[in-house]
Amino acid sequence: MSQMAVNNSQLDSIVSLAEDIGKLARSLKAASARSPPTPPSASPNSPTPPEGCHVILDMVRLRQSCDELLFLAVGPHEHLMAMAQHHRAEAALQLVTHLELAALVPREECASISYEELAAKVHLPTHRVSRPLRLLATYHVFSEPAVGFVAHNEVSRLLLEEELHATVSYYTEESFRSASYLAPAVERWPDAQERNETALNLAYDTRLPKFDFFDSEPWRAAKFRKAMAGMTRGDRFALQHLIDAFDWAALKNGSVVADVGGGGGHCSLALAEANLQLRCVVQDLRTAFQGQSLPQPVQSRIRFMEHDFFSPQPLEADVYLLRWILHDYPDKVACRILRNIAGSMRPGARILIMEAIMVPPGQGTRLEERKSRLLDMAMMILLNSRERSLSDWISLFHDADSSLELVNVTKPEDSALSLMELRRKRNSES
Ligand SMILES: C[S@@+](CC[C@H](N)C(=O)[O-])C[C@H]1O[C@@H](n2cnc3c(N)ncnc32)[C@H](O)[C@@H]1O
C-alpha cells in the first residue's frame, strides 16, 4: 500500500470537517426548501442563497470547510505542486479565449462538435485545441460527452457572454503575462515607487503606466472596459452593493454624481436606473467610452465627459464617486487624485470611495483573505500600488487634504467592497 499523505490527527480533522460540511449542507437544503425555488440559469453568480443572512454565512462556512478539507486530503506535497503548476490551466484558458473557441462550440443543450472540426475552424492541428480543452474539462470548464467531441457546460457557457469573456481574457493575457515578470521586476526596481516600474512594464516592454499603455492601444482599452463590467457580475462585486451602500434616495432631485474614472458607465447606469432623480457624469479617458451607447430611458440623465483625473476637477457635483480607482495608485499619486477633487468641492458635497478594506491577517476567513491578497498581488504586479487597511485609508485621506473627514463606512452583506464617505470639515468649507 502506498504511503498515506495524511496522519491520524489530520484524519480526525478531516472527519470533523466532513461532519461540519454535512451539517451545513443539510441546513442549506432545509433553508432552500423553505424559500421558493430559484429557476436554474446560466447566471455568472455563485448559487444565490435562498434565505437571508445566516444562509450567506452558512455558504461562507461551507466553502471554507471544503477548502480546508481538500487541503488536508491532498497533503502538503501535492498541494504545493498543484499550486506551482496552476499557470498551465491558466495558459489553456488563455488559448481558448484568444482563439474565441467558446463561440465556435454549439450553444444548444446536448450539442457538441468534434475537436477535429473545431480545430479546422481556427486553422490549427487538432491537438492544439483538444489538449487545452481536455485539461479545462478536468476543471469543470467544457465537457467531453463522447470521445473526441467537446460540448459546453454551465461554466464554459459563461464565456459566451461578451463581458465575462473580456474579463477572462484580461486575467489570462495582460494580467497573467505580467505576473510571470514579477521576480525580474522586483530585481530591477526593488523599492519601486513609480507607476511604470512594474512587472507589466517588463512584460510589455513599455515605459507607460498600465492605463496609459492600454489607452495607447484602443482595442486593449476597450477590452479592459468590458472586463471591468464583467468583474461586476459576481456576487461580491455586484453593482447592487453600490446602490445599497449609500442612501442615494436622500439626494435631492437633479443631484449630480461625477463618476470619476467611470469607464464605460456601468456604475452610473446602475445608479441612474435605481434613482430616477440623479444625473450622472461619467468621467474617463476618451478611449474608455468611445462608441459606448446607453439605454434610451437613461440617455438624458447620463453623459460622458473626457476628463483626466490628474487635472483639476471641472465639475461642481454633489457626489464624486470613485469606485475601484484609488487602489490602482501608490499613495502619493492617489493623493493627487483626491486633491484635484477636494479643490472643487462645494459645501455639502461628498466624495464616495468604494474600495476593499483589507482586514488584518487572520481576522477574516482564509478564503476572504485569499481573495483580497490576490487583488493586492495584482496591484503590485500591474500598478505598483496596493490594497489598504482602514488605517491606511484614513492616513491617505489625511495626507491628501487634512480638511477631508471620513464620516461613514458601510459594507453591504456579501460585498467585497466598502463605501467610505468623505466630507470637508465644516470650518474648512468656504
Ligand atoms: C479599475 S477601473 C474602474 C472602473 C469603474 N469605476 C468601476 O468601478 O468598475 C479604472 C478606471 O479608471 C480609468 N482611468 C485611468 N486613468 C485615468 C485618468 N488619468 N483619468 C480618468 N480616468 C482614468 C480607466 O480608464 C478605468 O476606466
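Here are some residues: Glu78, Glu68. Which one is modelled with pLDDT of 90 or more, out of contact with any Pro (no Cβ under 8 Å at 6 or more places or on another chain) and open to solvent by 90 Å² or more (accessible area, probe 1.4 Å)?
Answer to the selection: Glu78.
On the given criteria, is Asp308 acidic (Asp, Glu), farther than 22 Å from Ile357 by Cα and surrounded by fewer than 22 Cβ atoms within 10 Å (Cβ to Cβ)?
Details: acidic (Asp, Glu): yes; farther than 22 Å from Ile357 by Cα: yes; surrounded by fewer than 22 Cβ atoms within 10 Å (Cβ to Cβ): yes.
When the stated conditions are applied, Asp308 passes them.
For segment 404-430, how many residues meet the condition of being among the hydroxyl-bearing types (Ser, Thr, Tyr), modelled with pLDDT of 95 or more and touching a Lys or Arg at 6+ places or on another chain (Cβ under 8 Å)?
1
Kindly list the number of the only condition in (1) assigned to a helix (DSSP H, G or I); (2) within 15 Å of the ligand (Cβ to nearest atom) that fails for Tyr320.
(1)
Quick check on segment 276-283. Is at least one of its residues under 22 Å from the mean Cα position of the chain (by Cα) and either within 11 Å of the ligand (Cβ to nearest atom) or not in a helix (DSSP H, G or I) (or both)? Steps first, answer last, please.
Just the residues of segment 276-283 that are under 22 Å from the mean Cα position of the chain (by Cα), to begin with: 282-283.
Filter again for either within 11 Å of the ligand (Cβ to nearest atom) or not in a helix (DSSP H, G or I) (or both), leaving 282-283.
Scanning segment 276-283 turns up at least one residue that is under 22 Å from the mean Cα position of the chain (by Cα) and either within 11 Å of the ligand (Cβ to nearest atom) or not in a helix (DSSP H, G or I) (or both).
For segment 374-389, state whether one or more residues are within 19 Å of Asn340 (Cβ to Cβ) and open to solvent by 50 Å² or more (accessible area, probe 1.4 Å).
Looking through segment 374-389, none of the residues is within 19 Å of Asn340 (Cβ to Cβ) and open to solvent by 50 Å² or more (accessible area, probe 1.4 Å).
Counting just the residues of segment 213-259 that are away from the ligand (no atom under 14 Å from the Cβ) and of a type in the set (D, E, K, R), which one comes out farthest from the chain's Cα centre (by Cα)?
Going through the qualifying residues, I end up with Lys252.
For (1) surrounded by 14 or more Cβ atoms within 10 Å (Cβ to Cβ); (2) within 27 Å of the chain's Cα centre (by Cα); (3) among the acidic types (Asp, Glu), each residue gets a yes or a no:
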{"position": "His140", "(1), (2), (3)": "no, yes, no"}
{"position": "Glu161", "(1), (2), (3)": "yes, yes, yes"}
{"position": "Thr167", "(1), (2), (3)": "yes, yes, no"}
{"position": "Glu174", "(1), (2), (3)": "yes, yes, yes"}
{"position": "Arg177", "(1), (2), (3)": "yes, yes, no"}
{"position": "Ala185", "(1), (2), (3)": "yes, yes, no"}
{"position": "Arg188", "(1), (2), (3)": "no, no, no"}
{"position": "Ala203", "(1), (2), (3)": "yes, yes, no"}
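What are the residues in segment 333-359 that are open to solvent by 30 Å² or more (accessible area, probe 1.4 Å) and more than 24 Å from the chain's Cα centre (by Cα), if any?
Listed by number, the residues that qualify are Arg336, Arg339, Asn340, Gly343, Arg346, Pro347, Gly348, Arg350.
Contact list please: Cβ distance under 6 Å, first residue in segment 328-352 and on the phi < 0 side of the Ramachandran plot and of a type in the set (Val, Ile, Thr), second residue in a loop (DSSP other than H, G, I, E, B) and open to solvent by less than 50 Å² (accessible area, probe 1.4 Å), pairs at least six apart or on different chains.
Partner pairs satisfying both residue conditions: Ile337/Phe309; Ile341/Gln313.
Taking segment 302-313, which residues are more than 8 Å from the ligand (Cβ to nearest atom) and touching a strand residue (DSSP E or B) at 6+ places or on another chain (Cβ under 8 Å)?
Ile302, Arg303, Phe304, Met305, Glu306, Gln313
For segment 81-97, what are the residues that are out of contact with any Asp or Glu (no Cβ under 7 Å at 6 or more places or on another chain) and open to solvent by 30 Å² or more (accessible area, probe 1.4 Å)? I'd like the intermediate steps shown before the answer.
To start, the set of residues in segment 81-97 that are out of contact with any Asp or Glu (no Cβ under 7 Å at 6 or more places or on another chain) comprises 81-93, 95-97.
Met81, Ala82, Met83, Ala84, Gln85, His86, His87, Arg88, Glu90, Ala91, Leu93, Leu95 - these are the residues of segment 81-97 that are out of contact with any Asp or Glu (no Cβ under 7 Å at 6 or more places or on another chain) and open to solvent by 30 Å² or more (accessible area, probe 1.4 Å).
Looking for something under 21 Å from Pro330 (Cα atoms), within 16 Å of the ligand (Cβ to nearest atom) and out of contact with any Phe, Trp or Tyr (no Cβ under 7 Å at 6 or more places or on another chain) - is there at least one such residue anywhere in segment 160-172? Step through it out loud before you land on a result.
Kept after step one, since they are under 21 Å from Pro330 (Cα atoms), are these residues of segment 160-172: none.
No.
Looking at segment 123-150 only, could you name the residues that are touching a Lys or Arg at 6+ places or on another chain (Cβ under 8 Å) and assigned to a loop (DSSP other than H, G, I, E, B)?
Scanning segment 123-150 gives a single hit, Glu144.
Determine if segment 134-143 includes at least one residue that is small (Gly, Ala, Ser), in contact with a Phe, Trp or Tyr (Cβ under 7 Å, 6 or more places away or on another chain) and modelled with pLDDT of 95 or more.
Checking segment 134-143: not a single residue is small (Gly, Ala, Ser), in contact with a Phe, Trp or Tyr (Cβ under 7 Å, 6 or more places away or on another chain) and modelled with pLDDT of 95 or more.
The values are calculated or read from the model by the stated rules, or taken from the named source; none is laboratory data. These numbers come from a predicted model, not from an experiment. Because the Cβ atoms are built from the backbone with ideal geometry, glycine has one as well, and the counts that use them run over all protein chains shown. We work out accessible area using only protein heavy atoms, side chains counted, and drop any ligands, DNA or RNA first. Shrake-Rupley method; radii C 1.70, N 1.55, O 1.52, S 1.80 Å.
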